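Enquirer: Dumping the structure here so I can ask a few things about it.
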Amino acid sequence: MDFSAILPALPGLWDGMLLTLQLMVMGVLGGVILGTALAMLRLSHNKWLANAAATYVNYFRSIPLLLVITWFYFAVPFILRWITGEDTPIGAFSSCLVAFIMFEAAYFCEIVRAGIQAIAKGQMGAAQALGMNYPQSMRLIILPQAFRKMTPLLLQQSIILFQDTSLVYTVGLMDFLNASRSRGDIIGQSHEFLIFAGLVYFTVSFAASLLVKHLQRRLAV
Amino acid sequence: MNYNWDWGIFFKSTGIGSEIYLDWFVTGLGWTIAIALVGWVIALLLGSLLGVMRTVPNRWIAGIATTYVEIFRNVPLLVQLFLWYFLVPDLLPEPLEMWFKQDLNPATSAYLSVVVCLGLFTAARVCEQVRTGIQALPQGQTAAAYAMGFRLPQIYSNVLLPQAYRIIIPPLTSEFLNIFKNSSVASLIGLMELLAQTKQTAEFSANLFEAFTLATLIYFTLNMGLMLLMRMIEHRVAVPGLIAVGGK
């Protein structure tokens, strides 16, 4: 084992890590927004909307992420073509990002829903007694409290997403894992680069999960 | 980019021998189930052992199990799979390495790697569930067992574990379903499980929407079926009076 070749490769690996982080951050942001919207629908009094959101969640939670990534990679160009009527080139990055957002939204939805349901019923009653309408009470009273409660869970899910971004390997996107593998293969040191990649993933996720645990203790209401 | 819809594609010949596309899906599903079930046996056995280790009154033993869990939870599944498939065989003793690389057919060696990988990966998760289950039991259970003259191994096998397993069936169910979904990574080391067969069908027939729709339906049905099965088991073995079952 000779790890000396990793040093000169670091800039390239860093580019890969940037792509990984970019995917993760955008995936989490999009996923939380879509997930929150889905949670609102699931909790709404309209049975049709609630059922539609529930179907969405159950659907995405019962298929593998890798299937979603692969499917979107193949299908998005066709769908865009049907919508826009002309060839719209879309990179692997965008199709992966869409896949992550739609997939993770199902998981984020369940976290947000549990967070909202954990808020005392009286809060909504009190908000409405003060003359707020439903959107106002949600936005100003319920959601801020709910998000505080569920921050640790959202962050844990984000760590999982950080690890799951490695699945974009399947469409050849140069994320951190793929950058490590391809560089290791070129110079014939795939083992060293693979071990290094594993160590980096471990260090980042482990440190992040320690932070989340710390935060969990501080945020505890 | 014109697309020719053809839902009959699954009954058409693949052009290879006398196979139709549906045969590919059946073969793929077979691999998926074979990976998931064998991986699950490993995960359940090792995970239970680790879960017990995390709760025994010995800091060193608990520390080993905690380290295991942290390592296997914080490295992405795909990286673990590559390590098992590309790296570990090279570290084996010469005869074993030759056997793995030359004597085994490629599907078998990929299968072994995936099963070991998923088994050990899921074991870390099962461990946490088992630990939670044991810790959820009242302390008095252990104390009472000690008072009756049980030794520690007997306490685990006769008092704690039988109750813990029954409490943790819901979270174990979701791990059990996860191992089916996670088995799809096997497609990335060339094992022709369900997802790989789907991709191959999409590429051969150019009917990608139909192929992926069928794959989605299969995963979905598998998931629902297993979930119903686990619910039935959960109801049957519920500890009376301990927890509400099936409430939702």
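The values are calculated or read from the model by the stated rules, or taken from the named source; none is laboratory data. These numbers were taken from a predicted model, which means no experiment stands behind them. Note: ideal-geometry Cβ built from the backbone for every residue, glycine included; neighbour counts use all protein chains shown.
Enquirer: Scan region A:54-79 residue by residue and report those that are touching a residue at least 12 places away in the same chain (Cβ under 8 Å), under 20 Å from B:MET227 (Cβ atoms), β-branched (Val, Ile, Thr) and facing chain B (nearest Cβ under 10 Å).
Expert: Residue satisfying the conditions is A:VAL68 alone.
Enquirer: Same structure again: Between A:ALA197, A:ALA220, A:ALA207, which is at the interface with chain B (Cβ under 10 Å from one of its Cβ atoms) and loosely packed, with under 13 Cβ neighbours inside 10 Å?
Expert: Details: A:ALA197 fails: loosely packed, with under 13 Cβ neighbours inside 10 Å; A:ALA220 fails: at the interface with chain B (Cβ under 10 Å from one of its Cβ atoms).
One residue alone meets the criteria, A:ALA207.
Enquirer: Could you check, for region B:126-133, whether at least one of its residues is of a type outside the set (Asp, Glu), touching an Asp or Glu at 6+ places or on another chain (Cβ under 8 Å) and either more than 30 Å from A:SER166 (Cβ to Cβ) or without any contact (Cβ under 8 Å) to a residue 24 or more places away in the chain (or both)? Give the steps one after another, and end with the answer.
Expert: Quick first cut of region B:126-133, residues of a type outside the set (Asp, Glu) only: B:126-127, B:129-133.
Next, from what is left, pick out any that are touching an Asp or Glu at 6+ places or on another chain (Cβ under 8 Å): B:126, B:129.
Filter once more, so that each one left must be either more than 30 Å from A:SER166 (Cβ to Cβ) or without any contact (Cβ under 8 Å) to a residue 24 or more places away in the chain (or both): none.
So far as region B:126-133 goes, no, none of its residues is of a type outside the set (Asp, Glu), touching an Asp or Glu at 6+ places or on another chain (Cβ under 8 Å) and either more than 30 Å from A:SER166 (Cβ to Cβ) or without any contact (Cβ under 8 Å) to a residue 24 or more places away in the chain (or both).
Enquirer: Let me spell it out: the conditions are (1) under 30 Å from B:LYS181 (Cα atoms); (2) touching a residue at least 40 places away in the same chain (Cβ under 8 Å); (3) more than 16 Å from the chain's Cα centre (by Cα), and A:LEU143 meets all of them except one. Which number is the exception?
Expert: Among (1) under 30 Å from B:LYS181 (Cα atoms); (2) touching a residue at least 40 places away in the same chain (Cβ under 8 Å); (3) more than 16 Å from the chain's Cα centre (by Cα), A:LEU143 violates only (1).
Enquirer: Which count do you get for residues in region A:80-101 that are aliphatic (A, V, I, L, M) and more than 13 Å from chain B (Cβ to nearest Cβ)?
Expert: Residues of region A:80-101 that are aliphatic (A, V, I, L, M), as a first pass: A:80, A:83, A:90, A:92, A:97-99, A:101.
Cutting the leftovers down to more than 13 Å from chain B (Cβ to nearest Cβ) gives us A:92, A:97-98, A:101.
Summing the residues that are aliphatic (A, V, I, L, M) and more than 13 Å from chain B (Cβ to nearest Cβ) in region A:80-101 gives 4.
Enquirer: Just the residues that are away from chain B (no Cβ under 11 Å), aromatic (Phe, Trp, Tyr) and buried (at least 22 other Cβ atoms within 10 Å of the Cβ), please, taken from region A:147-185.
Expert: None; the set is empty.
Enquirer: Among the residues of region B:154-187 satisfying the criterion of being aromatic (Phe, Trp, Tyr) and more than 15 Å from the chain's Cα centre (by Cα), which is farthest from B:SER109 (Cα to Cα)? I'd like the intermediate steps shown before the answer.
Expert: First, pick out the residues of region B:154-187 that are aromatic (Phe, Trp, Tyr): B:156, B:165, B:176, B:180.
Checking the rest, the ones that are also more than 15 Å from the chain's Cα centre (by Cα) come to B:156, B:165.
Working: B:TYR156: 37, B:TYR165: 33 Å.
Per the stated criteria, the residue is B:TYR156.
Enquirer: Tell me the helices (runs of 4 or more DSSP H) entirely within region A:120-221 that contain at least 3 residues that are more than 29 Å from A:VAL98 (Cα to Cα), in contact with a Pro (Cβ under 6 Å, 6 or more places away or on another chain) and modelled with pLDDT of 90 or more.
Expert: none
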